[in-house]
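Below you'll find the structure, written out as structure tokens, and then a few comments.
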Amino acid sequence: MDKKQLWISAGIILNAQQDKVFITQRAAKAHKGGFWEFAGGKVELNETAEQAVIRELHEEVGIDVTELEHFLSLAHDYPEKSLKFDFYLVTAFTGEAYGKEGQPGKWVSIEALAPSDFPEANGAVLDKLQQRVMQNVNFS
């Protein structure tokens, strides 16, 4: 039996100071329900990952992305499905991020992001995000 394969594009929405991210909570009935995540969703047919993340962030958290950059691509296999991810840093947007589909959402400092709060596939993203913060710290 072949596993279901999905291509997901997600946005790491940064505040203006780039020290906090907006995360949303997965619905209890969803795969990995109850965990926190970076908003995003499936890349549709004839759509690029960049187009998908812009569309998904408008639909899910009510923002219009004005600046983004590719952050990380990765693949993760779960027993029931294979996922391919493209993560984007969203560095500028209009509107105010909120759980547009009724899902809980919150701003969290990057240092406070705990891998245990996210699905396993997010581990490498959290590591790279926290390394980025450490590199941007001014030690003077």
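Under a 5 Å amide H to amide H cut-off, with H placed in plane at 1.01 Å, what residues pair with I12 once short-range neighbours are removed?
So I12 has HN proximity to Y88, L89, V90.
Which chymotrypsin sites (Phe, Trp or Tyr not before Pro) from region 42-140 combine a DSSP loop assignment with at most 12 other Cβ atoms within 10 Å? Working shown, then result.
On the way: sites: F71, F85, F87, Y88, F93, Y98, W107, F139; in loops: Y98, F139.
Answer by residue number: F139.
What percentage of the solvent-accessible surface of the chain, computed with a 1.4 Å probe over protein heavy atoms, is contributed by carbon and sulfur atoms?
Details: 3930 of 7840 Å².
The C+S portion of the solvent-accessible surface of the chain is 50 percent.
Can you give the accessible area per residue of the chain, in Å², using a 1.4 Å probe? Intermediate results must be reported in sequence, preceding the final value.
On the way: 7840 Å² over 140 residues.
Per-residue accessible area for the chain comes out at 56 Å².
Compute the angle between helix 49-61 and the longest alpha-carbon principal axis of the chain, please, reported from 0 to 90 degrees and rounded to the nearest 10.
Compared with the principal axis, the helix lies near 80 degrees.
Is the shape of region 26-140 best called rounded, prolate or oblate, per the rule: a/c under 1.5 gives rounded, else a/b larger than b/c gives prolate, else oblate, with a ≥ b ≥ c the square roots of the Cα gyration tensor eigenvalues? Present the calculation step by step, with values, prior to reporting the outcome.
Working: a/c = 1.35, a/b = 1.15, b/c = 1.18.
In terms of gyration-tensor shape, rounded.
The values are calculated or read from the model by the stated rules, or taken from the named source; none is laboratory data. Since the structure is predicted, the reported quantities are computational estimates derived from the model, not experimental observations. In this analysis, Cβ positions are derived from the backbone assuming ideal geometry, glycine residues included, and neighbour counts consider all displayed protein chains. Note: areas computed on protein heavy atoms with side chains; ligands, DNA, RNA excluded. Shrake-Rupley method; radii C 1.70, N 1.55, O 1.52, S 1.80 Å.
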